[in-house]
Amino acid sequence: MKNVVLTGIGGQGTVLAAKILAQAAQNRGWNVRTAETIGMAQRGGSVVSHVRMGDCGEVVNAPLVPTGQADMLIAFEPGEAARTLPLLRRDGVLITASRAIQPVTASLSNTVYASEPVIQALQQREGRTVVVDEVPLLAEIGNPKTLNIVLLTVAATTGALDLPIDELKTAVAACVKRAFVDMNLAAIDHVTGLYQN
């Protein structure tokens, strides 16, 4: 059983990333269950997606990843990574974007939320942590809306998902609107060249 949690802020593409991951698992013949907690996502709130995959032929009965059972946490924002970290196994893999997105509460209270202390704390955990400096990377790719594809590709290159890049591409082609497929496939190729083990 592979358990993956994806988390971010509404509008970052978290739900689509979970759909792509689930599609890739289904293409392998795995039993898959997904669930989203989206709350006030359209107003900049938190989004958490759970993807549970029976990679050894298991039947997945429940869609939510239990506390401390996620094999991988893919975070689109470092504060969301910290908030969702209890779902990740102690030795699980954490992939996180580096840029902080100011929450409404920080804006209203005239306080500044900086990502550096959060990332430093995340890097102190036992398992593998990969911090993606996504701002220059997205500028190289030429489209900031490919963050979800960038993080999924980095996750695939770790080997922890048992998801080859060509299978990720097939899932992207099945889930993304046709007009955006080539752009997303190019993003996968670009990131793979940088992060491949």
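P(r) tail for the chain: Cα pairs beyond 19 Å make up 58% of the total.
Taking the charge dipole of the range 73-197 about its Cα centre, with +1 at Lys and Arg Cβ atoms and -1 at Asp and Glu Cβ atoms, the residue from Gly142, Pro164, Ile74 reaching farthest to the positive side is Ile74. Could you tell me what percent of the DSSP beta bridges with both partners in the range 1-156 are antiparallel, to the nearest 5? So the antiparallel bridges amount to about 55 percent of the total. Quick one: accessible surface of Arg28, probe radius 1.4 Å, all protein chains present, in square angstrom to the nearest 10. In the full protein context, Arg28 sits at about 80 Å².
Oblate is the label for the range 129-193, because a/c, from the alpha-carbon gyration tensor with a ≥ b ≥ c as root eigenvalues, is 1.5 or above and a/b does not exceed b/c. Kirkwood radius, the range 1-117, all distinct C-alpha pairs, inverse of mean reciprocal distance: 14.7 Å. Computed with every protein chain present, the accessible area of Met1 is close to 70 Å² [probe 1.4 Å].
Count the net charge of all other residues whose Cβ sits under 12 Å from the Cβ of Ala97, scoring Lys and Arg as +1 and Asp and Glu as -1.
That works out to -3.
Other residues with beta-carbon under 13 Å from the beta-carbon of Lys169 carry, at +1 per Lys or Arg and -1 per Asp or Glu, a net charge of -4. Computed from label points 7 Å out along Cα-Cβ, the spacing between Gln123 and Ala173 is 3.9 nm. Within the same chain, lysines fewer than 8 places from Lys2 are excluded, and of the rest, those with a Cα less than 23 Å from its Cα are Lys19, Lys169. Accessible surface of Glu140 in the full protein assembly, 1.4 angstrom probe, to the nearest 10 Å²? Counting only protein heavy atoms, the figure is 110 Å².
The values are calculated or read from the model by the stated rules, or taken from the named source; none is laboratory data. Quick caveat, the model's predicted, so the values are computed rather than measured. Reconstructed Cβ throughout: ideal geometry from the backbone, glycine too, with neighbour counts over all protein chains shown. All accessible areas refer to the heavy atoms of the entire protein, side chains included, with ligands and DNA or RNA removed. Shrake-Rupley method; radii C 1.70, N 1.55, O 1.52, S 1.80 Å.
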